[in-house]
Every structure is written in structure tokens, then in C-alpha cells.
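Take a look at the structure below.
The values are calculated or read from the model by the stated rules, or taken from the named source; none is laboratory data. Keep in mind that this is a model prediction, so the values were computed, not measured. Here the Cβ positions follow ideal geometry from the backbone for every residue, glycine too, while neighbour counts run over all protein chains shown. The accessibility values were calculated without ligands, DNA or RNA, using every heavy atom of the protein model including side chains. Shrake-Rupley method; radii C 1.70, N 1.55, O 1.52, S 1.80 Å.
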Amino acid sequence: MKGIVKSFVTISALSSLVVAPLFLNAGQASAQTQKGTDASYIGAGVAGGVTNGGQVGQDAQFGGNVTGRLKLGPTPFSARTQILFTDQTTAIIPQVSVDAPIAKGTNVFLGAGYSFVEKDGKQTPLGDRDGVALTAGVESEVAKNFLIYSNATVGMKTYQNSPASAVSIQGGLGYRFR
């Protein structure tokens, strides 16, 4: 468990170091004057698994994602959903997140939820069975009504017949609806 948390923190930190400058510059281009974003949005992009379960057929998977965020009033909380899919099946991950503004139009967030795999035993970017899912990410407004987002998600023990946890990295473009 200690190794999983260390891996999650390392991947999140590396992702932030590589991707955050892009988001920060994009956020500065926004016409918005507030720090952070209160956007509720739906987006789509790519998802890539970076781990395997150690069993035959449990290799890292590349697929797509559909992501949604619903800002919960003036609180720092949001309701989020990620749908990670491959040609085999889909993982649906409802989550609640804590959002922190870091620049104009830009937030970082930490979320927790549960991953529901539609067809247990079939691979998604986040493993092949249901499990607790933890997420760290960043989102930034880049133009009127458009955002870019990226996150890393850890699925705790989300491989069948394996104690391994899955790690997936997502990114995409979102459209603000509220």
C-alpha cells in the first residue's frame, strides 16, 4: 500500500511538473479575472493506463475518456464523473473532489470515488474490476466556454486475481455549460 501511494504521488508530481506550465499559460490567456474556475463542464479526450496487473491479459490499456464536472455552489467541492473506455468495456467513476484555485481560470483538484467496470475481467485504462478510485488533476480555462484538463487516477486493487492497483492518466478538452 505504501508503494502504491508513493507511486501515485510521484506520477502526479511528474505530471504536474510537465503539464502545469502549459495550463498556467493557458489560464493567463483567459479573459476571466477570478483566481481559479467555477466552470461546470463536460469534456472528452484520451486515457492511458500506465500499469499492469501482473497476470496474463492485464496489460496497460489505451482508450478514451468522457469527463464531467458539476461545481457545487460556492463551496470548494465538485461532483465529477470519469468514463474511461476501451474497445472491450467501460469504467464509470463517480467522484467528489476538493478544488483549489492556483491561477486565473485554473484549479488543481483531489478527488475520491469508486470505479465500476461494466464487464469484470475485461480491461479498461483503470484495471478490470471495481474498486476505490483516487484522482489528482488540473483544469484550466483556455477560451470562452472551453477548458483543458488532465488528471492521474489510481484504482485501488482494480485487477482481478491480483493485489495490484492500476494507474491511469487522462486529458482532454471540455465545454463549459454553466
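In the condition set (1) at pLDDT 95 or above; (2) surrounded by 17 or more Cβ atoms within 10 Å (Cβ to Cβ), residue 110 is compliant with all but (2). Count of the range 58-89 residues, restricted to those that are over 15 Å from the mean Cα position of the chain (by Cα) and charged (D, E, K, R), is 3.
Scanning the range 141-178 for residues that are closer than 14 Å to residue 105 by Cα, under 13 Å from the mean Cα position of the chain (by Cα) and either surrounded by fewer than 20 Cβ atoms within 10 Å (Cβ to Cβ) or of a type in the set (Phe, Trp, Tyr) (or both) gives a single hit, 149. Quick check on my filter: what residues within the range 24-61 are at pLDDT 95 or above, among the β-branched types (Val, Ile, Thr) and buried (at least 17 other Cβ atoms within 10 Å of the Cβ)? Scanning the range 24-61 gives a single hit, 37. Among what's in the range 119-140 and is at pLDDT 95 or above and open to solvent by 10 Å² or more (accessible area, probe 1.4 Å), pick the residue that is farthest from the chain's Cα centre (by Cα). For the range 119-140, the residue satisfying everything is 130. Taken over the range 62-86, the residue count meeting the criterion of being part of a loop (DSSP other than H, G, I, E, B) and open to solvent by 30 Å² or more (accessible area, probe 1.4 Å) is 5.
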